[in-house]
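> Got a structure here, written out as structure tokens. Questions coming.
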Amino acid sequence: MAGDALLESLRLALGRKKFQKPSTPPEPLLVVRNWTMEERLERFRAAFEEHGGALHVVSSEQEARTLVAELLAGREALASGAPVLAECGVLGLAGVQSGFTDPELLGNAAQTVRIGISSCYSLLAESGEVVLRFTPEEPRCISMGLPIWVIVASRRKLLANLDELLGLNPRSFESSSETALIAGSERQEIHLILI
Amino acid sequence: MTKPTEIRSHVLANLDHYLAELDKQLTAQGGTVVYLRGADEVADYLELLTREREIPVPGGAESLRRHAERLEPGVEAYLRGESPADPESLELADGALRISAAAFLIADAGAICLTGEHPGGTGPKIQVVVAGIEKVLPRMRDLAVFLPLLPSDTTRFLTGPRRAGELDGPEELCLILVDGGRSELLASPERRDLLRCVRCGACLPGRVGGGGVDCPVGIDTEGLPLRLREEAPLEVGGWKFRLWGYVMRKPRLYEFAGQMLRAFWREEWGLPAPPAKSFRQAWREGKK
């Protein structure tokens, strides 16, 4: 069935003409909570931990690096190209592989390593969701494809809710091939280190 | 505050415009958009795709057909008030092809919204998404109203296949838009309301027609399906059920039919064999 034929049958059913513009769609009311950073953090902690995630709040990049090393406990890990990981020195930790440019090499490495380290696009306090935007620096399999996922992010990423995310720049979703909102996973052990 | 009902009504009244916008945007981002009439055409399309790409299908074409029917139950499912639960995705040949159902489509972003699907691994090589044409919403920000209706641990927005430099994700993304009788529903102002449904399940467990629950998109879940059934009673099973109904009303004929069935039963029919004695026969013998 050609698209044109379907669209024409819809126009006929609706009594519309080709190229006829619709009236302005009703505007959804975006409700952005006016929470302080501390309130956001507490709400995020409650929701994130309810989904089974573990939240670790640290005060410096050095502390974040130390905590990642403790979580790895000598095990190997794959790290994404998120700038915050380099800034914390996580990429220099023993056993951390990063800088992948070849899909096959990354796929093979993901078959043998159990821990992935990445950052995130934002965090939603109200729902405890982690927002991921998959890019060349943030491949899917490092964040979502391994049994243990360690996220390192600045607390600046903490938004109040989905409405705030959609209100910031709704067209930004088109800048990536996929955006995902994750509220915990039965498949993964998730640790979030918030700086 | 804008109610979901207002946005859904606006979309349906201008559906041709939003589908054209979605198609244009998703195609510009590298996706493919295909328009099909119903589940049969979806099954044919999937069969052709798997044959061309040499993707093995356990259970063959019949299994693809069953999956296509689950993904695209068609408009009759609305009229029957069937469960709005999302069907599970089908993944073939270790991620060579994944076939999913969309929760929403977003016209301005050319985005496909999937709920309840963990992206895991490196993603499929080919991602096919099947969606009824009514699933479209005008803008991403409309999701602030609609996503809370479909709570899920994972919500994904696909805006095309993997882009230059990306190390994983689908190499091809195909959106199949299915009419499935919806364009006929649109032509009827009274029936059109059914297409506002976003399958949130608020009317469950009572199901449409029996719940008496406030529908978030303003569908008269009690009255409308009943009115539609009165207007056009659904054919349940056709002549076989009418014959069964006739036989059930004639006790002697029913018993005779049972005797004939036991006498001429064939294993090759592949159905559970009837008991050696009917309930009536066993009852009579027990009383002696």
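> Using 1/(1 + (r/R0)^6) with R0 = 56 angstrom and r between the beta carbons of B:TRP244 and A:GLU50, what's the FRET efficiency to the nearest 0.05?
0.65
> Sum -39500 (n - 2.57) across every DSSP H segment of at least 4 residues in the protein assembly as shown, then divide by the residue count to get the 222 nm mean residue ellipticity, nearest 500.
Result for the protein assembly as shown: -10500 deg cm²/dmol, rounded to the nearest 500.
> Right, next: Give the span of region A:55-107's Cα atoms along each principal axis, as three whole-Å numbers ordered largest to smallest.
Principal-axis extents of the Cα atoms in region A:55-107, largest first: 37, 23, 20 Å.
> On the accessible surface of region B:4-231, probed at 1.4 Å, how many percent belong to carbon and sulfur atoms?
47
> Further question: Over every pair of different alpha-carbon atoms in the protein assembly as shown, take the mean of 1/r and invert it; report that Kirkwood radius in Å.
Kirkwood hydrodynamic radius for the protein assembly as shown: 25.2 Å.
> Label B:LYS277 and B:ASP44 with points 7 Å out from Cα along Cα→Cβ: what is the distance between them in nm?
Roughly 5.4 nm, to one decimal.
> Please give the per residue volume of the convex hull enclosing the alpha carbon atoms of chain A, rounded to a whole number of Å³.
About 170 Å³ per residue, rounded to a whole number.
> Per residue of B:16-26, how many C-beta atoms from partner chains lie within 10 Å of its own C-beta, taken as a mean?
For peptide B:16-26, the averaged partner shielding equals 4.
> Let me ask another. When 1/r is averaged over all different Cα pairs and the result inverted, which Kirkwood radius in Å belongs to chain B?
So the Kirkwood estimate lands at 21.7 Å.
> Might you tell me the accessible area per residue for chain B, computed with a 1.4 Å probe and given in Å²?
49
> Report, as a whole number in µm² per second, the diffusion coefficient that Stokes-Einstein gives for region B:239-287 at 20 °C and 1.002 mPa s using the Kirkwood radius over alpha carbon pairs.
D = 176 µm²/s.
> Multiply the residue separation of A:LEU30 and A:GLU189 by 0.36 nm, subtract the distance between their alpha-carbon atoms, and state the gained length in nm to one decimal.
Result for the pair: 54.0 nm of gain on full extension.
> Rounded to the nearest 100 Å², what is the buried accessible area between A and B, both sides summed, probe 1.4 Å?
About 4800 Å² of accessible surface is lost on pairing.
> Here's another thing I want to ask about it. Estimate the FRET efficiency between A:GLU42 and B:LYS3 by the formula 1/(1 + (r/R0)^6), using the beta-carbon distance for r and 35 Å for R0, to the nearest 0.05.
Efficiency, from the Cβ-Cβ distance: 0.65.
> Counting only protein heavy atoms and using a 1.4 Å probe, what share of the accessible area of region B:239-287 belongs to carbon plus sulfur, as a whole percent?
It is 64 percent, rounded to a whole number.
> Would you calculate the separation in nanometres between label points at B:ARG252 and B:ASP220, each defined as 7 Å from the Cα along the Cα-to-beta-carbon direction?
In this crude spin-label approximation the distance works out to 4.9 nm.
> What's the carbon and sulfur percent of chain A's accessible surface, probe 1.4 angstrom, rounded to a whole number?
Percent of accessible area from carbon and sulfur atoms in chain A: 50.
The values are calculated or read from the model by the stated rules, or taken from the named source; none is laboratory data. Small disclaimer: the values here were computed from a predicted structure and weren't measured. Neighbour counts run over all protein chains shown; Cβ positions are idealised from the backbone, glycine included. For accessibility, only protein heavy atoms count, side chains too; no ligands or nucleic acids. Shrake-Rupley method; radii C 1.70, N 1.55, O 1.52, S 1.80 Å.
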